[in-house]
Amino acid sequence: MTLFQMFQSNICSPMVLAFAFGIVCRLIKSEMAIPRDLYTSLSIYLLFALGLKGGVELSHSPWQQLILPAVVTIALGVITPISSFLSLRYLGRFSIADAAGIAAHYGSVSAVTFIAAEKFVLANLGEGSVAPFMPTLLTLLEIPGIQIALAIGVLGLAKSKRDKDSASGVRASDAAGPSLAGVWHELLTARSMVLLVGGMVIGFIIGYEGYASVKPFFDKGEWMFKGALTLFLLEMGLVAGSRLADLKHAGAFLIAFGIAAPIAHGALGVYLGSLAGLDAGSCTVLGSMAASASYIAAPPAVRMTLPEANPTFYLTAALAITFPFNLLVGIPLYFRMALAMAGH
Amino acid sequence: MTLFQMFQSNICSPMVLAFAFGIVCRLIKSEMAIPRDLYTSLSIYLLFALGLKGGVELSHSPWQQLILPAVVTIALGVITPISSFLSLRYLGRFSIADAAGIAAHYGSVSAVTFIAAEKFVLANLGEGSVAPFMPTLLTLLEIPGIQIALAIGVLGLAKSKRDKDSASGVRASDAAGPSLAGVWHELLTARSMVLLVGGMVIGFIIGYEGYASVKPFFDKGEWMFKGALTLFLLEMGLVAGSRLADLKHAGAFLIAFGIAAPIAHGALGVYLGSLAGLDAGSCTVLGSMAASASYIAAPPAVRMTLPEANPTFYLTAALAITFPFNLLVGIPLYFRMALAMAGH
Amino acid sequence: MTLFQMFQSNICSPMVLAFAFGIVCRLIKSEMAIPRDLYTSLSIYLLFALGLKGGVELSHSPWQQLILPAVVTIALGVITPISSFLSLRYLGRFSIADAAGIAAHYGSVSAVTFIAAEKFVLANLGEGSVAPFMPTLLTLLEIPGIQIALAIGVLGLAKSKRDKDSASGVRASDAAGPSLAGVWHELLTARSMVLLVGGMVIGFIIGYEGYASVKPFFDKGEWMFKGALTLFLLEMGLVAGSRLADLKHAGAFLIAFGIAAPIAHGALGVYLGSLAGLDAGSCTVLGSMAASASYIAAPPAVRMTLPEANPTFYLTAALAITFPFNLLVGIPLYFRMALAMAGH
Amino acid sequence: MNTHTLTLLTIVAEALLKDRLIHEVRQAGAKGFTITDVSGEGSRQRRVSELLGDNIKIEVITKRETADKILTVLHKDFFPRYAVVAFMSEVQVVREDKYL
Amino acid sequence: MNTHTLTLLTIVAEALLKDRLIHEVRQAGAKGFTITDVSGEGSRQRRVSELLGDNIKIEVITKRETADKILTVLHKDFFPRYAVVAFMSEVQVVREDKYL
Amino acid sequence: MNTHTLTLLTIVAEALLKDRLIHEVRQAGAKGFTITDVSGEGSRQRRVSELLGDNIKIEVITKRETADKILTVLHKDFFPRYAVVAFMSEVQVVREDKYL
Ligand SMILES: Nc1ncnc2c1ncn2[C@@H]1O[C@H](COP(=O)(O)O)[C@@H](O)[C@H]1O
Ligand SMILES: Nc1ncnc2c1ncn2[C@@H]1O[C@H](COP(=O)(O)O)[C@@H](O)[C@H]1O
Ligand SMILES: Nc1ncnc2c1ncn2[C@@H]1O[C@H](COP(=O)(O)O)[C@@H](O)[C@H]1O
Ligand code: NA
Ligand code: NA
Ligand code: NA
């Protein structure tokens, strides 16, 4: 299959089309909307199902295999927010808050991109071509990047304020936001985290046997999951579509960043994955994770801790640029990279 | 199977019983209610599934076959609102606004009646007995009737006001409602339309192959769809039940109209369908479409553009009289008509 | 299988783990929440499915078999609220209102405990080991206990007020609550009752044949039902978890009561069941019903009619003590009792 | 715009009282009301919302006497037994007769 | 806190008027608004909420003249045809310029 | 009905501030509050509701000093950084001691 054929088959999947459909609804100014509670229910279901399956798989895979991949995943969680912050701040001339806010999103990971990447690999390389512990890596990658970028932002702002104060001789009130410890608790107990980890623990305990009775309801390979994912992507398309108008406020640099960052991070992810001994399929998924930008866990954390960062920037970049880019172009690309690295 | 046996088997389906159950809940003044978001979710699911399947079928059916049926469908969309308006205004002595408001409902179509008719035909004549392009006709029939009736109403009101003004010599302020162009946009981008058409386009693109992976989730023949439909009809029963008390305000003429209009329009639909070369099964479905009254697309459009029309009239007629009539008696009747016309 | 092994296999089911997961979410103060409409939708689905299956089973089971079990069920509905009231009032020294309020919960039944008991029996004794009319008994047991306890409470309060008035010579205004007749209507038409009975009537009419087409959607043995139950138990866990902090307000007696009452009532249920000729499986289920405390039908009825009763007591006892006790320990225990009674 | 002064009575109460409160509002002669789903906390520290429903807010525009009548009923039958608060303020309306 | 007096205009209307009412509020020069989903009953006895949606409440803090402008539009185009009520009261705000 | 005058403080803010604002309200000594889910637009033109949640409205009946205390905290810690508005009005209540 050529790269082009891959794009084509990727684009014609019900999920990608549902996303496109959502965008179109907004472009034609339709009143179409997914009820808030349906959206929340779908995301609870998808995250819990993801964790559950991950736990079941973990329950019969040797732990040692997990160590190296876990190390490189955490490395990705440290590197990507810093590389994002530096390029946004010094190449893109964004304010400290804006640069850190966007970096928090790119340092974390999008669960739907993860699912799409895994589906893509399974469709191309067949059953068993993705390591069973990938959802564990997803969990590891979710938080550190957000924390690192927030720390950069909060410390950077404090320093620039001290500089200003000592210059002017006046001491500004330090309108105290939530502490970073508070943010840790917030992130570790956020719905998405709790569902992933909780599902994983339950999956680990029940194992294959207990999973059997609810597998058709929760399993990624089953149509129930796919149907729910289709509806979820319709909603994502609606949200992305309502952000498209903001692309003009985002500016050319941010658009370029929203495409270049995933390519760079995706390549790094594929490379580190192969260093850690992952096969081509798993490298593709790890690359897609590194390349993706969070739009569920990161936005509230950033809004809370760095309200000075403009939400238009981070939401538009993560959801209206990088997410569709990865869905359509990125994943097949990281897949080619992974194949090339594996010597195919 | 005799007509009576058909009624009987029709009445004992879970869907019809769920509708009856909903009515009973209201009659015994139960607090029973379906959450608003569940209702919206079910209708999104049903309409999208309907469009999707229609698109998949379209993708491998010859287009020429569609032309004549499409022409007669549009003819039905022009005739039925006018016939409804005339009989309501001149036989029933309804005000211009009320007559036009009710006519808008009978000129459009009820998607659930469509599904019920199709299910009925498939149960009696088996797989393949309904043309694959029927959902396309459903889409074509949805809007024109509403627009025509609204135009009649708005122009009629304007004229009667001019007459009054010129009689009294005073010029009333023309409390401008939304423009008819605004209403076109509203209707074309309404949730129900967008889901049907969007689903159809996606279905057309993915074809049989792409459909396979989500078929159990969306397909009308599958239990998932049937279960969702059962719950949806429970809600429809609740709404219809809370309208039953309004039957006394509706008056004898409206009740008679709510039964006579579907029979007349149903017969016309069956007849025009057979003229256009449709087989008996498809004629039954086309007849049921013509006979049905919209209660999803029409009510908000009428309320917006013709607020002078009394909602009690149009909602009660469409949902508490014509919908159950078609479900219980109408569909088997149009089926007999279609069989007779096909010479059985 | 030893009693311990039973506990173990019981604890490792996805449903019990989901409940535990919900509790943990609250303990770590996670923001995790199930949307209100999803909770309501799940409970509508579960209750309707329960009734439907019960009705289908009833439609081909001889009515005479039902008479004796129905009699003992109603006996349980009379005995359990009285035994609960007496021990709470005279051993536990609770106020009249509190004792009656709690007794109303233990005199009624928890549908989820019923489902869990049935699942447990089927897993241990196989298909057919539970009588088909058990959902009918569930319906019979739901209301009488609540009414009897409320009557005790309302009459007791009125009497104690009269005593006080005649002592002080002053006549207090009798801030009239809703009449007991109003409460009857309320309970008989409450959502849970209407769904159970409505489902049962529909199931009875459609029988096996009509049920076939929606069986995968509604049947307790199918994964759809199990998946929905898993999510519902997650929510129950969240609610129970947020009540755990109230255990210290509940006091030692209430905690002891929350464990002793189900054991006593469960033993009584098993015994009466075997008197009525039920097999071991059905005795287990009847015992679990008697042992369980309602937390869906009872709370609003008690709050409405006996607002003097402290909700912290009855909600904590029913949901944070007795429900998990039955789920984990009670059901296997009543099962052993039933086996012992049947001479195994 | 020429306006008239009326009373806005706001009641916040546990949701299961909805039907009974609507009944009292109508009984006292009010011509309409608006209901909002809300949640809240007060002196009663009721933490029961999951199983007993949250609160509702009922707003009634009416003349002062009618508001007083409703308050009297609340005071007698509801305040002592249920979680209910109520307060009044003055509002300006255009079509006074609509509310009387 | 040093406060300024402004007008709080509250509109309760059938939900499908939402976009049109927001348009009028903006048109009249208001700088913001808050919307709540509500339900209700009034003199029109509209029992249509299931198929036509419930009501919404729109609250606008603004200066009295702007509120009057909105009321005038309501009076002309909405009161006679739709289920709408509106009322005003005075409120104290800290940052007056935010609303002007 | 014999009534007493108290202050109704209304805060409209982005939903993710809910816990922090409740904390401040309690901290200042208010005895209760009522929360409503709302949406809205203001000078900040925040169009982020899908991923960051909509707004909430917090209503607090309390004495003027307590309201002032809450406003002071809002002014210092919230107004400059978040999308928040707040306003006060006077209301009549029956049981004054319930709120003090
Ligand atoms: N001071 C207050 N300000 C605003 N709302 C209140 C206040 N006190 C009580 N409420 C509301 O009234 C409900 C019942 O209050 P209570 O009877 O004090 O438990 C609470 O759940 C709140 O929604
Ligand atoms: N007296 C009233 N007090 C509070 N809200 C009212 C009142 N009258 C009407 N409303 C609200 O305004 C809506 C429309 O009223 P109407 O136009 O009278 O049918 C109702 O559905 C209520 O939500
Ligand atoms: N003039 C206003 N009237 C009513 N609500 C407002 C007004 N301005 C702002 N709001 C509310 O306060 C929120 C935050 O406003 P802002 O900080 O101006 O973006 C908005 O989303 C509205 O819900
Ligand atoms: Na990333
Ligand atoms: Na029609
Ligand atoms: Na019991």
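The values are calculated or read from the model by the stated rules, or taken from the named source; none is laboratory data. Only a predicted model underlies this, so the values are computations on that prediction, with no experimental measurement involved. Neighbour counts run over all protein chains shown; Cβ positions are idealised from the backbone, glycine included.
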*Would you please name the residue that is surrounded by the most Cβ atoms within 10 Å (Cβ to Cβ), looking only at residues in the stretch B:288-323 that are more than 9 Å from every other protein chain (Cβ to nearest Cβ) and within 16 Å of ligand 2 (Cβ to nearest atom)?*
B:Ala309
*Report yes if C:Leu234 is under 22 Å from C:Ser43 (Cβ atoms), at pLDDT 90 or above, surrounded by 22 or more Cβ atoms within 10 Å (Cβ to Cβ) and within 14 Å of chain B (Cβ to nearest Cβ), otherwise no.*
no
*Out of (1) within 14 Å of chain B (Cβ to nearest Cβ); (2) in contact (Cβ under 8 Å) with a residue 24 or more places away in the chain, the odd one out for A:His60 is which?*
(1)
_All positions within the stretch C:300-328 that are farther than 15 Å from C:Pro81 by Cβ and within 16 Å of ligand 6 (Cβ to nearest atom)_ = C:Leu315, C:Leu319, C:Ile321, C:Phe323, C:Pro324, C:Phe325, C:Asn326, C:Leu327
*Of the residues D:Gly42, D:Gly53, D:Gly32, which single one is more than 14 Å from chain E (Cβ to nearest Cβ), under 22 Å from E:Asp54 (Cα atoms) and not polar (S, T, N, Q)?*
D:Gly53
*asked:* Criterion first (under 15 Å from the mean Cα position of the chain (by Cα), among the charged types (D, E, K, R) and away from ligand 2 (no atom under 16 Å from the Cβ)) does C:Glu31 satisfy it?
replied: no
_Can you find, within the stretch F:58-70, the residue that is nearest to F:Thr3 (Cα to Cα) among those that are out of contact with any Leu (no Cβ under 7 Å at 6 or more places or on another chain) and either within 10 Å of chain E (Cβ to nearest Cβ) or of a type in the set (A, V, I, L, M, F, W, C) (or both)?_
F:Arg64
*out of contact with any strand residue (DSSP E or B) (no Cβ under 7 Å at 6 or more places or on another chain), within 14 Å of chain B (Cβ to nearest Cβ) and outside any helix (DSSP H, G or I), is that true of A:Ser30?*
yes
*Which condition does B:Tyr334 not pass, out of (1) out of contact with any Phe, Trp or Tyr (no Cβ under 9 Å at 6 or more places or on another chain); (2) at the interface with chain E (Cβ under 9 Å from one of its Cβ atoms); (3) more than 12 Å from B:Arg243 (Cβ to Cβ), if it passes all the others?*
(2)
*What's the number of the condition E:Val93 fails, among (1) more than 7 Å from every other protein chain (Cβ to nearest Cβ); (2) within 13 Å of ligand 3 (Cβ to nearest atom)?*
(1)
*Check D:Leu9, D:Leu17, D:Leu74 and return the single one that is near ligand 2 (Cβ under 10 Å from one of its atoms) and either under 10 Å from the mean Cα position of the chain (by Cα) or in contact (Cβ under 8 Å) with a residue 24 or more places away in the chain (or both).*
D:Leu9
*What are the residue pairs meeting all of these: first residue in the stretch D:53-67, first residue of a type outside the set (Asp, Glu), second residue buried (at least 21 other Cβ atoms within 10 Å of the Cβ) and part of a loop (DSSP other than H, G, I, E, B), Cβ atoms under 7 Å, and 6 or more apart or on different chains?*
D:Val60/D:Ala30; D:Thr62/D:Ala30; D:Thr66/D:Ala30
*Failed condition for B:Ser84, given (1) touching a Gly at 6+ places or on another chain (Cβ under 7 Å); (2) farther than 28 Å from B:Gly251 by Cα; (3) more than 14 Å from chain C (Cβ to nearest Cβ); (4) among the polar types (S, T, N, Q)*: (2)
_I'm told C:Glu222 meets every condition in (1) more than 8 Å from chain B (Cβ to nearest Cβ); (2) more than 22 Å from C:Arg303 (Cα to Cα); (3) out of contact with any Lys or Arg (no Cβ under 8 Å at 6 or more places or on another chain) except one. Can you identify the failing condition by its number?_
(3)
*Could you grab me the full set of residues in the stretch B:117-144 that are within 16 Å of B:Asn326 (Cβ to Cβ) and under 11 Å from the mean Cα position of the chain (by Cα)?*
B:Leu138, B:Leu141
